[in-house]
Each structure stands twice: as structure tokens, then as C-alpha cells.
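The values are calculated or read from the model by the stated rules, or taken from the named source; none is laboratory data. The structure presented is a predicted model; accordingly, all values stated were derived computationally and were not measured. Here the Cβ is made from the backbone with ideal geometry for all residues, glycine too, and neighbour counts use every protein chain on show. Please note that ligands, DNA and RNA were not included when accessible areas were found on the heavy atoms of the full protein model with its side chains. Shrake-Rupley method; radii C 1.70, N 1.55, O 1.52, S 1.80 Å.
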Amino acid sequence: MMTQFVDLPPEILELLFDYLTDPKDICNISEACKRFKEVIDTSDKLTKKLTLYVNYPSFLHNFKAVLKKSNRRYKNLSVTRSRLTGSENQFTSLINAFELIGPKIRNLTINWCQLRNLDISTANLVDIAARRRLRAELLFAQNVSVGRHQGAQGVIREDIRDELHKEFIAIIKYFNCLETTIWNNVNIEKRTNPIDLASFDFTSLKQLKMRHCDAYCFDILSSAKQLNSLKISEPFWSTNRSPGIDNFETYLISQEVLKTLSIKSIHYPRLFHSDRSERIQFKLNYLVLKNVFFKEKLHAENFFKTQKELKFIDIQIQNEKSRNLEELHWYNDILKTVLKENPMLRTLNLDKFKYKIPNCDFLRNITNANVQTLNFNVTNEEKDAELFKVLVRSLPNLKNITYKSEDSEDNDGDVCFDKGTILDKVKALIIINASVKSLINVHAENLHTFEYSPKLNGSFIDDYIGGFLHRHRTIKELKIGNSTGRSYFFVSYNLCQLIVNFLNQLESITIYNFAEVNKSVKLLCNLRNLNTLTLSSLQYQQFTAKTKVECERMKLRLIPIEMNQPQDFHEYSDC
């Protein structure tokens, strides 16, 4: 059999190997024989699935020699710079290797680790994470072993930043054909010499992602003006050593074709310090603003008015304690602009965090018939649900609705849905931590997917859910409960009877907490269209032999999962 495979034409072998998704499997296949190794090493399609990992400093004197002997066309490289100190020979070996493979790399990830901002007082840092990082770096500085960055007593030399800056500049200049790059913990901490900047060529770069980086990085990347995706998370801009938000905004408006922009966790300096909206050329399709504070309302509004081609927006609205009373509700106008000025908008993710809206009259006459997906997170269901109700009415063609509350109470009032709410177009409805009595008010005649995760049991919960299922017999996918966090809600045998009675089209069901697992699962086997049952691994272990036989007889596939593992909460693709 092995001989038959070896004799196949290279293009057929390449096609077969392309079905392998795990890079480890591809590497294992390449070691099976010289023929397979040659096919994989010379295939752009296969090598793009492989990543070359380099840790510096490490034993690198043979690194270049190994690369010279290899025919593998690496496209992906991950470089990690640890806190350990290395010799000049090690760094020279690294530079020689990158000089060899740098122009071939298309996707580069850099995890840069250095001592930063040791002379900045913790009192000047606004976020807790930055303080923790600083304390860790100070502790490291006191205990680190003597190396080329330390003096005789183990004290950090004053020129450490210069040396680390030179290292980074020396490394990055060899990667002049990048298409995507990810930078983590890159802190340049000083202006780069214009002569060095002239040697960088990132004109082919299309996607840039940064986390915990300072604003001097944008000087190095100044030639990258054709990005289609830019993602910034938790920048290290809150010190006197960094130029901060102005450098970032200058770089942002230099982009000409940007389509995806994601900014997370910018507190200080605030975003849109100056109004540069008239200089913006790009038209975004995808925008994420999470935990971001704005400097001026007018500047923020002007930015949103320039973006009239948005298809996806994920925004968190929250009040700042430092704002004046008259500015507490200025997100209202931004939200109004988003809905009114974006006829192409399809998905709206809204996170309402400690933001009070006395009334929602500002959206009274606003309608956007193009939005199909609404994901809405609130702090308190009873206090914050009014905006959600107005949005549901303002978006008449919704197909997918997710409502999640951090805190909820069972009460007799209308909570997340008004009485008699008709959702004709809705196919998927997800309600997390909302009062079960909200289910009384909803009717969606074409509902296919329903997920409900109650935080509190309440009284007669089976009857409320049962009544909802009775009105929505078109459901094909059902999920009750969640796999994260402790829940006191158990799906009773009585509720399983209601599921069997009403949902004869059900194809998939997920239940994490059965009250009587064997008895209930045997009952669910009566659903003829049911293909899969997902439940906790703990309850799966409680299955009797009779239950397993019954599931096998009905060809019901069982999927046990571990509890308390974070699950994706309807995340969208991260470009």
C-alpha cells in the first residue's frame, strides 16, 4: 500500500496531503519517506500550514546551516524573544538565518519580551494590568542573573533599551514581503533613526495585529498604507515615554483601503483627540470598539459619519466618571448615527455597560431594515432592557437575536420583550440570564434555533418554557443551560416530556443539567429526527448500559463535554 502511494504523481499526493489540517500530521507524513518530504517541502499549499518557531536567545549556531539544507518553503514564522540574555554570537547567528529566510516569510508573529518603563511610577498608570506588569518587571530586575544587559551587581544597565531597540530593528528589516503580522509586547520606547526607517519595506502588508505594544511601532510600519485589517488591543500608551494616541491616529488616517478595524481597551489618552475625519480615505466594513473612551463627542460622531459602508459593528457603551453631567448620554447620538447612516449594516453587537438612558426617544423614528443580527449585552436585565426593546422594534428584519444579562430577577413585568412581540423573520433566538417570564411575550413562527440559559429558577419554569415550545414547534436546534459557571437549574423529566410532545422536528439538543439523566435521555430517544445529544461528561458517565443501547438503537450520537470550560459566545471570525 505504501509503495502505491509513493508512486502517485506529486500533484495527487499534494491534493491528498492537503486534507490534513493538523500541522503535526503534515510533519509526520514528511518523515515517512523522502518522496513525501519532497512533495511537502516544495508545496506552497502545504507549507503555508506549517510554522517555523524560533526562540531567542537559544543555541542557534547551526540554525542557518539547517535552513540551507532544507528545501521547505516556510511562509509562517513565530519569533519569541525571552528575558534571558544571549551572546553576540547567538544574535549574529539569528540575523544570518533571518537574512536567508526573511524575504520568503509571508506571515510573521513576534512575541517580544523586554523590561519597559522602569522609571515610571505606578501612580501614573491607569490600568491594573499595566501595574502588575510593571511590578513583575521590577521584581525581575532585582533577581535576574548577570548577563550582557546587566552590570557586575546584576543591576539593569542604562543602555538596555537601546540594545533591545537595536535588536528589534536589526531583526525586523529582513521581513520585507510580509502579508500579515502579529506583534505582542513590542515596546520600541524611542524614535527610530530616519535612516533605519528608510530600509523598511512593508508595502505588501495587508493585516496587522498588535497587543501590548507602544506607539513607536507605527513609525517602523509607516510604509504599510495598504492594510485591509488593523487590530489594536491594550496598547501601552499611558506613559510619558510614548507618543501615544496621536501616533496611532496619524497612522490610522494614512490607511487608504482599510476594511477591518478593531480597537480594544484604550482608556488614556482617549481616542479621537483631534478631528481628522476629513482626511480619512478608507470605508470600513467591520468595526470593533470595546472598552474604548473617546475624547470629544463631535470628533467621534464625525468619524462614524465617514463610515457608511459598515456591515458589522461591535461597540461597548459606558459612562466615564470624569464626564460632566451634560455629557453622560452622548453615546445616544453615536448609536443614532450608526443606525441611520449605515444602510449596509447587517450585524450589530451592543454591550451596554453601566450606561444609563432615561428614555429611548432618540431612536423613536429610526429604522434600519438591513440589520439581520442583534447581539445585546446588558449589566442588569430589569434596568437596561428598555433599549433592547426599542432596538428590536427599530430593526424589523432581524433573523438572529442574542440577549445576555449579567444580572436578572424574576418579576411579573415585561423584561427583555414587550407583550405580544412578533418576530416574523427570526430564525435563531438566544436568551442568557433573562427572566423566564420574558418567554411569554415572544412569538417567532419561523424559529429554528433556540438557546435558553436561566440564571434563576423562578416558579413554574417548566410551564413557561413548555408554553414557549408549544408555540414554536419549528425548532430544530435546542440548547438549555450552559457549560460555564455553576447553575442551579436542572431540566426535569417533565420538561423533557414537553420537548418530546412539541418538538417533533428537533435534530440537535444540548442539555447540561438533567434532573434524571437516564430516564430523560431514554425519553428523548423517541424523537425520530434527533441526531445529536450534547451533555456534560459527568452526566454521560452516569449512563447505564440500557441507556447507551437505546441511544445506539436510535442512532443518537452522544457528545460529552467538560463543564466550566469557556465556550465561544457567538464570536465572529477574527481576521
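F303: modelled with pLDDT under 95 and open to solvent by 20 Å² or more (accessible area, probe 1.4 Å), yes or no?
no
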Next item on the list: Could you list, in sequence order, all residues of region 333-361 that are open to solvent by less than 20 Å² (accessible area, probe 1.4 Å) and either touching a helix residue (DSSP H, G or I) at 6+ places or on another chain (Cβ under 7 Å) or not in a strand (DSSP E or B) (or both)?
Entry: I334, L335, T337, V338, L339, N342, L345, K352, Y355, C360
Notebook entry, point to check: Which ones in region 166-179 are closer than 21 Å to I232 by Cβ and crowded, with 19+ Cβ neighbours inside 10 Å?
Noted result: F168, I172, F175, L178
Check: Looking only at residues in region 75-96 that are aliphatic (A, V, I, L, M), closer than 11 Å to Y56 by Cβ and under 31 Å from the mean Cα position of the chain (by Cα), which one is modelled with the lowest pLDDT?
Finding: L84
Next item on the list: Please specify each residue of region 389-406 satisfying the condition of being under 16 Å from I422 (Cβ atoms) and under 25 Å from the mean Cα position of the chain (by Cα).
Entry: L391, L398, K399, I401
